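Every read-out reported here was derived from the displayed coordinates using simple, explicitly stated rules and does not represent laboratory data. Keep in mind the model is a prediction, meaning the values are calculated, not measured. Neighbour counts are summed over all protein chains in view; Cβ atoms, including those assigned to glycine, are modelled from backbone coordinates with ideal geometry.
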Amino acid sequence: MRPLFIAAAVTLLGLGTAHAECTADVTDAFDLEPDGIVTLYACIEGQMAQQYASQGDSVGSQYRNWHVSSTRPAVAGPHGERFLQTFANDIAAEQYLKFEEEFNGMPVGSILAKESFTLKKGKAAVGPLFIMTKLAPGGAPEAGDWRYDALQPNGKVMGIKQSYCADCHLGYDYRDSLAYPIEEVRVGQ
């Protein structure tokens, strides 16, 4: 196991907002061991929550009070080499947290928010907050009745093309377009 050195340096920016700089002794996300990922996440999670909420977006401001789906973030290929931690609102949680391989559909009003961060040259960087919202039948038939949104790391709404997300998620049509965290980090597994 490679040794992992995590450093947190806190500086004050702007109106007294704390900003943590989190580093690791590896440059490739896939080289981090689970305990290193947990340590890195502990360093950056407060910064992510603060930045996503900074523009007042309702999901960006509330998602941290929802149900977390994994014991730690994990790298998921379709979202690049980003570490993801998914949160489910109360409407989504009961069905989503079953991690069923096949089922009929998520309840209307389900929202999933996926925090993300990357490792660039050994430094953790906040990525987008990816958001999926289940719409009423017919609300977005070309996207499986899901609306895809994202917040930039600064909390501003990110312009995304619905088909960019839907094209991948529709590959999971047998479970209402849901991709889950990797199996070893799912809560309750």
| field | Within the chain, longest stretch clear of exposed GluC sites (Glu not before Pro) (DSSP loop, no more than 12 other Cβ within 10 Å) | value | 1-100
| remark: Length gained if residue 147 through residue 173 is fully extended, taking 0.36 nm per residue and subtracting the Cα-Cα distance, is 7.9 nm
| Between residue 21 and residue 94, what length in nm is gained on full extension when 0.36 nm per residue of separation is reduced by their alpha carbon distance? | 22.7 nm
| request: Return the loop-located trypsin sites (Lys or Arg not before Pro) in the stretch 67-149 (DSSP other than H, G, I, E, B) with at most 14 other Cβ atoms within 10 Å of their own Cβ; answer none if there are none. | output: 98, 121
| query | Given labels modelled 7 Å from the Cα in the Cβ direction, how far is it in nm from residue 102 to residue 123? | reply | 4.9 nm
| said: Run the numbers for residue 161 and residue 182: contour at 0.36 nm per residue of separation, minus the present Cα-Cα distance, in nm. | reply: 5.0 nm
| remark: From DSSP H assignment alone, runs of 4+ in the chain each adding -39500 (n - 2.57), the sum over residues rounded to the nearest 500 puts [θ] at 222 nm at -6000 deg cm²/dmol
| said: Just to confirm the number: angle between the C-alpha axis of helix 34-53 and the first principal axis of the chain, 0 to 90 degrees, nearest 10? | reply: 70 degrees
| remark: Within the set 144, 56, 80, GNM on the chain using Cα springs under 10 Å gives the largest fluctuation to 80
| query | Can you give the translational diffusion coefficient of the chain in µm²/s, computed by Stokes-Einstein from the Kirkwood radius over Cα pairs at 10 °C and 1.306 mPa s? | reply | 92 µm²/s
